[in-house]
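Chemist: Structure provided below as structure tokens; questions to follow.
The values are calculated or read from the model by the stated rules, or taken from the named source; none is laboratory data. Since the structure is predicted, the reported quantities are computational estimates derived from the model, not experimental observations. Ideal geometry is used to build each Cβ from the backbone, glycine not excepted, and the neighbour counts take in all protein chains shown. Just so you know, the surface numbers come from the protein's heavy atoms only, side chains and all, with ligands and any DNA or RNA stripped out. Shrake-Rupley method; radii C 1.70, N 1.55, O 1.52, S 1.80 Å.
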Amino acid sequence: MHIVVTCANRKNLAVPAALRVGALTGYLPRQRLTEWIRRLSEPGQPSTAATSLYAGEHWTAVRQLTTSVRVEAQLWVCSAGYGLIPATAHVRPYAATFAMREGDSVGQSSTENRDWWRGLSGWAGPEPGAPRSFYDLARTNPDDTIIAVLSNAYLRACTDDLRRAVGQLRDPQRLTIIGPAQTDPDLDELVVGVAAPMRLAVGGSLLALNVRVAQRLVGLVTADPSTHRRSHLRALAGELAAALPPPAPRAQRERMTDDEVRAFIRPLTVAGPTSATRLLRRLRDSGKSCEQARFKQLFDEISLDGRC
């Protein structure tokens, strides 16, 4: 089994300024990747195993995932900085992400992200000879199982690669993506969907939810090849979702008129400095309701009157 997980933004080592994608200013689009690879490949620079580089709740959950597997498994990292790498590969601390509109985003569109991933796949990387794409991983291991635990942005960046990879396995059902559903219509059949309510079953925050769900599902895989198939993992995920308690009913608050809201705010602003947010929370805790924008407008109106 090959388990591929999204890298983590948090690092255990300080990232040099030159190894931030945001530092690649003044380069044409085609030159950016070439310069990025050159910087990562400089000899004699400090590096560490990828498993030791990443930090935070997401990566803590990844470590727990690898200990829960009951079959022989190899861990891989889907990295916006390095591409697909074995988790044991030595890498330099870096800052790069497929999430858009970030300081270290590798692209500003899905097309740019996919081009970047394709470009990284053509580089030998930190461990020459190792597969550099999902396609290569499947092509060189056609009888194995591949489970990709990917966030939305990374799933979109690897869409083309994943579509090509599934056709390289003798049993296409042995490639499963665990992550957000309905990211790409062409990949939906490969995805075992993860939804926010599953937190109630696996714990943790949304940041590590994909990995925690994967841990629960992979922990039930045995040496029986039928348990490695996507259909089986999807059925397990369905059982997990079905066992969740029903959502708690939303509190029915009594809606207030503008005059009633003013009457609520006025004595509390006289009592001393406060904020609209604090007072709105207090109002809602009392079982009343008011839209946030309307409450803020009335609060500002009363505060202005008090200063005149």
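Chemist: Only one of Leu244, Leu220, Leu233 is among the hydrophobic types (A, V, I, L, M, F, W, C) and either at pLDDT 95 or above or part of a helix (DSSP H, G or I) (or both). Can you tell me which?
Modeler: Exactly one of Leu244, Leu220, Leu233 is among the hydrophobic types (A, V, I, L, M, F, W, C) and either at pLDDT 95 or above or part of a helix (DSSP H, G or I) (or both), namely Leu233.
Chemist: Which of the residues belonging to segment 172-194 are surrounded by 14 or more Cβ atoms within 10 Å (Cβ to Cβ) and assigned to a loop (DSSP other than H, G, I, E, B)?
Modeler: Pro180, Thr183, Asp184, Leu187, Val194
Chemist: OK, next. Checking Val261 against (1) of a type in the set (A, V, I, L, M, F, W, C); (2) over 30 Å from Ala201 (Cβ atoms); (3) exposed (fewer than 11 other Cβ atoms within 10 Å of the Cβ), which single condition isn't satisfied?
Modeler: Condition (3) is where Val261 drops out.
Chemist: Let me confirm something: among Ala165, Ala214, Ala223, Ala138, which residue is surrounded by 15 or more Cβ atoms within 10 Å (Cβ to Cβ) and under 17 Å from Ser68 (Cα atoms)?
Modeler: On the way: Ala165 fails: under 17 Å from Ser68 (Cα atoms); Ala223 fails: surrounded by 15 or more Cβ atoms within 10 Å (Cβ to Cβ); Ala138 fails: under 17 Å from Ser68 (Cα atoms).
It is Ala214.
Chemist: Search segment 64-79 for residues that are touching a residue at least 40 places away in the same chain (Cβ under 8 Å) and under 11 Å from Ala223 (Cα atoms) and pair each with any residue that is aliphatic (A, V, I, L, M) and assigned to a helix (DSSP H, G or I) when their beta-carbon atoms are under 8 Å apart and the residues are at least 6 apart or on different chains.
Modeler: Partner pairs satisfying both residue conditions: Val69/Val218.
Chemist: Within segment 114-127, how many residues turn out to be open to solvent by less than 50 Å² (accessible area, probe 1.4 Å) and either aromatic (Phe, Trp, Tyr) or in a helix (DSSP H, G or I) (or both)?
Modeler: Matching residues across segment 114-127 total 6.
Chemist: With the requirement that a residue be open to solvent by less than 30 Å² (accessible area, probe 1.4 Å) and at pLDDT 95 or above, what does segment 62-74 give you?
Modeler: Val62
Chemist: Pairs please, first residue from segment 1-30 and open to solvent by less than 40 Å² (accessible area, probe 1.4 Å), second anywhere and β-branched (Val, Ile, Thr) and outside any loop (DSSP other than H, G, I, E, B), Cβ atoms under 6 Å, 6+ apart in sequence or on different chains.
Modeler: Here the result reads His2/Ile146; Ile3/Ile147; Val5/Val62; Val5/Val149; Cys7/Val77, each pair linking segment 1-30 to a residue that is β-branched (Val, Ile, Thr) and outside any loop (DSSP other than H, G, I, E, B).
Chemist: Look at segment 31-43 and say how many of its residues are buried (at least 16 other Cβ atoms within 10 Å of the Cβ) and under 29 Å from Ile146 (Cα atoms).
Modeler: 4
Chemist: Looking at the structure I just gave you, is Leu200 part of a helix (DSSP H, G or I), in contact (Cβ under 8 Å) with a residue 40 or more places away in the chain and open to solvent by 80 Å² or more (accessible area, probe 1.4 Å)?
Modeler: Taking the combined requirement at face value, the residue satisfies it.
Chemist: Now for a different question. Among what's in segment 128-159 and is among the charged types (D, E, K, R) and assigned to a helix (DSSP H, G or I), pick the residue that is farthest from Leu40 (Cα to Cα).
Modeler: Step by step, filter segment 128-159, then rank; the result is Arg139.
Chemist: Could you check segment 139-196 and list, in sequence order, the residues that are more than 13 Å from the chain's Cα centre (by Cα), basic (Lys, Arg) and within 14 Å of Arg114 (Cβ to Cβ)?
Modeler: Arg163, Arg164
Chemist: Filter segment 44-56 down to the residues that are open to solvent by less than 40 Å² (accessible area, probe 1.4 Å) and in contact with a Ser or Thr (Cβ under 9 Å, 6 or more places away or on another chain) and list them by number.
Modeler: Ala49, Ala50, Leu53, listed by residue number.
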